[in-house]
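First up is the structure itself, then whatever we jot down about it.
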DNA sequence: TTGTCTATCCGAAACGTTTCGGAAAAAAGC
DNA sequence: GCTTTTTTCCGAAACGTTTCGGATAGACAA
């Protein structure tokens, strides 16, 4: 009178049904070399006994794991994306719907990210990988294409000619639109607050500003493009002050990330620069706290949930149809206008 | 002249060495029924050929997966912890050092978290699970103990009598200390800004304030404990105003999370309440933006990286020694004094 | 010399699944 | 009624690992 604690196996089903293991397996697989009647009978029994196929067994015979790996660098805490949590959640959610598991690999200090990826694939721990925060000329993308490893990149790299699957939110278009909007509001003197990191989204956003300004015949001198390092807290403050020190002072600033925009807001408050009356500020990210800033920050939203869901779908496609053409998705970032931007003051408009 | 693309198996090693598969396996396992010389020879060859054992093969025979699952609810975006990214990263990092994989399961809207956990264990996808954001009386903890599933809880629940492994940062002690510090700075009128969610850390932090105040013989009436829902942006604003509307106005406020504290800071600025001269504010979380607030927010740091590393270790222990006693860790949160708190104004002190 | 003990190695089975090739039975064609 | 085709099922092998229970050889004791 032993209690069978462990869940049923194919063999248990076959015994219970008086069929062979083969037939049970094929019935559950929906193959047509087993009669409809038997298929139904097997499936009913499987449901009844709560049968779930063993992943290990399947992996062994198929060689595939039905799981993807998100590779996240852990060597630099500032690299930890504020959206990582939301992204991971959305990714897991989307993958689960396609019966794919998500697993996380980290790259420690001193480890080579490429080696980590190679290890994941070689040890057969994942069928595909996701990378985020692509760099200007990202060695990971090159490597993954070279090695013919299925992957989806969150963020695109400009230089890569070969096709690969990527998802990116269109920061270039976003900042182009924001700049146009500000021009329409009468602004003529712009500054851009950027970061030094060689991440590809940084380039795109800056370029959006440049495009809109040049189209409007407005100057965008290097002196008005102030960049700093996120890592360096003092540097961030210095950069914000530099923006306000420009003479004549710009009336509109595009900040590449909310974190910088928020800092600029507080520095401006310290220096009694009125926002948005004297200075319009638009950021990018829509951090949760941005809504609570004073004034609330106008910014762009990534819709991290949607993007993760889309990436999940792309990954499932990569796994299930490895030879399908590589999807590329350029998603619009949605403008979230709040209180930090407005019409240029008239006196400034006439200058 | 075929190129062997796939990595070597135990069998390949055995052929290359002229040994049996068994001996190779046992040699790599370091068993003493194979001579030292052979062990060395096998290990050298394994290194040379780049042998890595197949996880599938191991899983099949051992029944264990050497992976743990982080269960994260995806049904409510506000549930997504701002530290989730850092936590996931640290966890992955720590687990990898113990040769354990981290995999992520999400609970979708309409799914029962308990069912998800059961599924993970039943389908043998993980040997242990991690849960976060424990609730006051958490059904997950009860369930996991009942089912004898190895787990570590990030956050503890007060009511559970049976031993289980948990890690928590000591919010109670933290707010107790913060309150004492403020009392020493001359503050006598306190308010507490809380959230309604039934999360266990909420209770502990509030209780810390209460303890310190009662020890100092100061009142802590319900009217001065203002709670709101994080989900409800307007509600948060209303709560912040309510704190400032208290008459006489408190001189010190403890906010259960930085998000609320930051909101209070902006509301106070709007209403020309000087911080810290007229009002001291201390939060908890040390969000990245908290350093950029005006004034910079005094708060407590979780040290999410350290906590994740510790939890990873605890998990590895649970897997490797399932019968070991359950570790519990109560980690101090480190006070991060900045500009949002200070000495109580003299005139108020005398009231 | 014979038997026992130890050191070292190996064959076979097992874990759970899938697929290949074949076999039996039923249906169809003549 | 006989052959051919189709339908439906099954045995065996394979995936990569580990362990159990031997097996072989040499060392040792009597």
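The values are calculated or read from the model by the stated rules, or taken from the named source; none is laboratory data. Please read all numbers here as calculations on a predicted model, not as lab measurements. With ideal geometry, Cβ positions are generated from the backbone for all residues, glycine too; neighbour counts draw on all protein chains shown.
How many residues are farther than 20 Å from residue B:170 by Cβ and in contact with a strand residue (DSSP E or B) (Cβ under 8 Å, 6 or more places away or on another chain) when one looks only at the stretch B:318-345? Reasoning before the result, please.
The first filter runs over the stretch B:318-345 and keeps only residues farther than 20 Å from residue B:170 by Cβ, leaving B:318-325, B:338-340, B:342-345.
The next check asks that each one be in contact with a strand residue (DSSP E or B) (Cβ under 8 Å, 6 or more places away or on another chain); those that pass are B:318-319, B:338-340, B:342, B:344.
Number satisfying all stated conditions: 7.
Every residue, every condition in (1) in contact (Cβ under 8 Å) with a residue 60 or more places away in the chain; (2) within 26 Å of residue B:75 (Cα to Cα); (3) surrounded by fewer than 19 Cβ atoms within 10 Å (Cβ to Cβ), yes or no:
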| residue | (1), (2), (3) |
| --- | --- |
| B:198 | yes, yes, yes |
| B:211 | no, no, yes |
| B:219 | no, no, yes |
| B:227 | no, yes, yes |
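Find the residue count for the stretch A:26-53, including only residues that are buried (at least 17 other Cβ atoms within 10 Å of the Cβ) and within 12 Å of DNA strand C (Cβ to nearest atom).
7
Being under 30 Å from residue A:308 (Cβ atoms), more than 16 Å from DNA strand D (Cβ to nearest atom) and buried (at least 20 other Cβ atoms within 10 Å of the Cβ) is the requirement here; does residue B:89 meet it?
In short, yes.
Here's a check for you: in the stretch B:284-300, which residue that is at pLDDT 95 or above and not in a loop (DSSP other than H, G, I, E, B) is nearest to the other protein chains (Cβ to nearest Cβ)? Reasoning before the result, please.
Within the stretch B:284-300, the subset at pLDDT 95 or above is B:284, B:297-300.
Then drop every residue that is not not in a loop (DSSP other than H, G, I, E, B), which leaves B:298-300.
Working: B:298: 15, B:299: 13, B:300: 17 Å.
Here the answer is B:299.
Please work out if residue B:281 is buried (at least 21 other Cβ atoms within 10 Å of the Cβ) and either within 13 Å of another protein chain (Cβ to nearest Cβ) or not in a helix (DSSP H, G or I) (or both).
yes
Can you report the number of residues in the stretch B:239-257 which are assigned to a helix (DSSP H, G or I) and modelled with pLDDT under 95?
Total meeting the criteria: 0.
Among strands (runs of 3 or more DSSP E) lying entirely in the stretch B:62-174, which contain 3 or more residues that are more than 10 Å from chain A (Cβ to nearest Cβ), more than 19 Å from the chain's Cα centre (by Cα) and modelled with pLDDT under 95?
Counting at least 3 such residues, we get no strands (runs of 3 or more DSSP E) at all.
Quick one: residue B:7 ticks every box in (1) within 30 Å of residue A:84 (Cα to Cα); (2) within 11 Å of DNA strand D (Cβ to nearest atom); (3) in a loop (DSSP other than H, G, I, E, B) except a single one, so which number is it?
The one condition residue B:7 does not meet is (1).
Note down all Cβ pairs under 6 Å where the first residue falls in the stretch A:43-59 and is in contact (Cβ under 8 Å) with a residue 60 or more places away in the chain, the second is part of a helix (DSSP H, G or I), and they're at least six residues apart or on different chains.
Every condition considered, the pairs that remain are A:59/B:56.
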